[in-house]
1. Does Ala309 count as on the phi > 0 side of the Ramachandran plot and either surrounded by fewer than 23 Cβ atoms within 10 Å (Cβ to Cβ) or out of contact with any helix residue (DSSP H, G or I) (no Cβ under 9 Å at 6 or more places or on another chain) (or both)?
2. From (1) under 25 Å from Ser60 (Cα atoms); (2) modelled with pLDDT of 95 or more; (3) open to solvent by 10 Å² or more (accessible area, probe 1.4 Å); (4) under 22 Å from the mean Cα position of the chain (by Cα), pick out the condition that doesn't hold for Ala427.
3. Give Gln362, Gln349 a once-over and let me know the one that is over 23 Å from the mean Cα position of the chain (by Cα) and at pLDDT 95 or above.
4. Among (1) open to solvent by less than 40 Å² (accessible area, probe 1.4 Å); (2) at pLDDT 90 or above, there is one condition Ala448 misses while meeting the rest; what is its number?
5. Note down all Cβ pairs under 7 Å where the first residue falls in segment 59-85 and is at negative phi and of a type in the set (Ser, Thr, Tyr), the second is open to solvent by less than 10 Å² (accessible area, probe 1.4 Å) and at pLDDT below 75, and they're at least six residues apart or on different chains.
6. Is it true that Arg371 is surrounded by fewer than 16 Cβ atoms within 10 Å (Cβ to Cβ), more than 30 Å from Phe148 (Cβ to Cβ) and of a type outside the set (Ser, Thr, Tyr)?
7. Looking at Val282, Val286, Val255, Val201, which is the one that is closer than 21 Å to Leu186 by Cα, open to solvent by 40 Å² or more (accessible area, probe 1.4 Å) and among the hydrophobic types (A, V, I, L, M, F, W, C)?
8. So for segment 44-55 (the condition being farther than 13 Å from Arg428 by Cα, assigned to a strand (DSSP E or B) and modelled with pLDDT of 75 or more), does at least one residue qualify?
Amino acid sequence: MTVKQANLAWETLLDLSATRPGPLHMRLAAAIRAAIRSGRLPVGAALPPSRMLAADLSVSRWTVTEAYGQLITEGYLTGKTGSATRVTWSPGPGDEPRADPARPHPAQTARPSPATGFDLSSCTPDLRSFPRRQWVEAIREAAEIAPFDRLSYSEPGGLPELRAVLAEHLNRSRGAAAEPGTICILMGAGQGMSRLCRALVADGHTAIGMESPGSPRLFQAAQEAGLELVPLPVDDDGLVVDALDGHPGLRAVCVGAARQVALGCPLASHRRPALVEWARLVDGLVIEDDYLSEFSYDHPAPPVLQGTARDRVALLGSMSQALGPTVGIGWVVPPRRWLQAVRAEHEIQLLPPALNQLALVQLMQSGAYDRHLRAARQRYRARRNLLLDALARYLPGYRVRGTEGGLQLLIDLPPGTDETVIVRAAARRGIELWNLYEMQLGPESPDAGLLIGYGNLKDTAIDGAVAALAEIIRSCGGSDEFGRGSASNVYDRTQDPHA
């Protein structure tokens, strides 16, 4: 994929296919970095606005802003709100960019929202429904009753009170085999993945298998730890476990067992024991990303693999979707042999504030957390149904996947559809979308499909958003008849027990 811009900086060719396989935003950052280091982007050159470059590349604005943010952190670029992002580094003998210490890592920056139109690209939960009153009460009660020594820095692994509550919750709700002593409290699933991958590197691992399409954030964590990313195929039964046999020497894999992040399906029951058996045969580790398992609408999510194979599976989770990113609490439940490496007590500890940990204990012990989850499931189920009704009206016959849970749907596009044209046209209308290409490892193209996020989308905006999207798809060559005759591929609204 290449793009040629329209002025001094924009005329530079950004060739993403020439970069090493990895997350799309990291490949874009590598292409811009290479252009700067070669002198093709001189000091002072202005880069395109993120929305414009996203439209030209047919990617989401998130991909561009993450790439820009990474390069600002590294000292290659500078940017201020309201002005252009410009090159600040030029090649010279022994010259290296000087990082901006005031600039946070791009993973910590807020994702921009479109000023107009619809943001359908995000899996963000409904931030309007964050339980503010209950959280404030939990913070206040924790601050009032906590011993003074609990208000200091958190100990490695997290506070024992939270580890005990989380163990009970995971064992009860997810069928886990968690013990308080084996839980590691961290600031999110991304940090948990980073800790696990660094532990793998320290143990001699050089590569990790990743579902493709999969999670760009987990791709980034593994790659930054120094592991080679081995793309593994997925289908409607989740990870194709047999594909692991084609990679001798590979002894670690990351999988979404409850919900494949792109296709929205669980790992099929016949593949689960096969994956655990593979890990035992190669003396390996399975990292189980329990992403969005809290939100299953038609039937419960399958129990975690870790519950029956805790010696081979590390369970990864967080509160970023169930409550919201602002809580900043995640966890890893590793096998005992990996516990000390994951806790990394010899390193500087970056853990959630002790008061946040104690507040979450209060929220869960009081029952407020379970009540919040029940209300959230009802709200998202109703929103999903509104979205499916709108898709049935405006895009009849299109195959929709991932309907049973989560916060996004996947719409399959007709064979031969150029999804980049659709994404570009949608961006011009102020509609931000994710497509499967952005979640793919390497330059190969998956089947065409669009991901529609609805977690933070207002109910009143759904009809207009789908109507506009359908108009764009038709104008780009999509057919109203696509998928007709394939009833098994079309979500049947009448079979929803909650309809």
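The values are calculated or read from the model by the stated rules, or taken from the named source; none is laboratory data. Computed from a predicted structure; not experimentally measured. Please note: Cβ atoms are built from the backbone with ideal geometry, for glycine as well, and neighbour counts cover all protein chains shown. Just so you know, the surface numbers come from the protein's heavy atoms only, side chains and all, with ligands and any DNA or RNA stripped out. Shrake-Rupley method; radii C 1.70, N 1.55, O 1.52, S 1.80 Å.
1. Spelling it out, it is not the case that Ala309 is on the phi > 0 side of the Ramachandran plot and either surrounded by fewer than 23 Cβ atoms within 10 Å (Cβ to Cβ) or out of contact with any helix residue (DSSP H, G or I) (no Cβ under 9 Å at 6 or more places or on another chain) (or both).
2. (2)
3. Selected residue: Gln362, the only one of Gln362, Gln349 that is over 23 Å from the mean Cα position of the chain (by Cα) and at pLDDT 95 or above.
4. For Ala448, the failing item is (2).
5. From segment 59-85, the pairs are Thr73/Pro106.
6. yes
7. One residue alone meets the criteria, Val201.
8. yes
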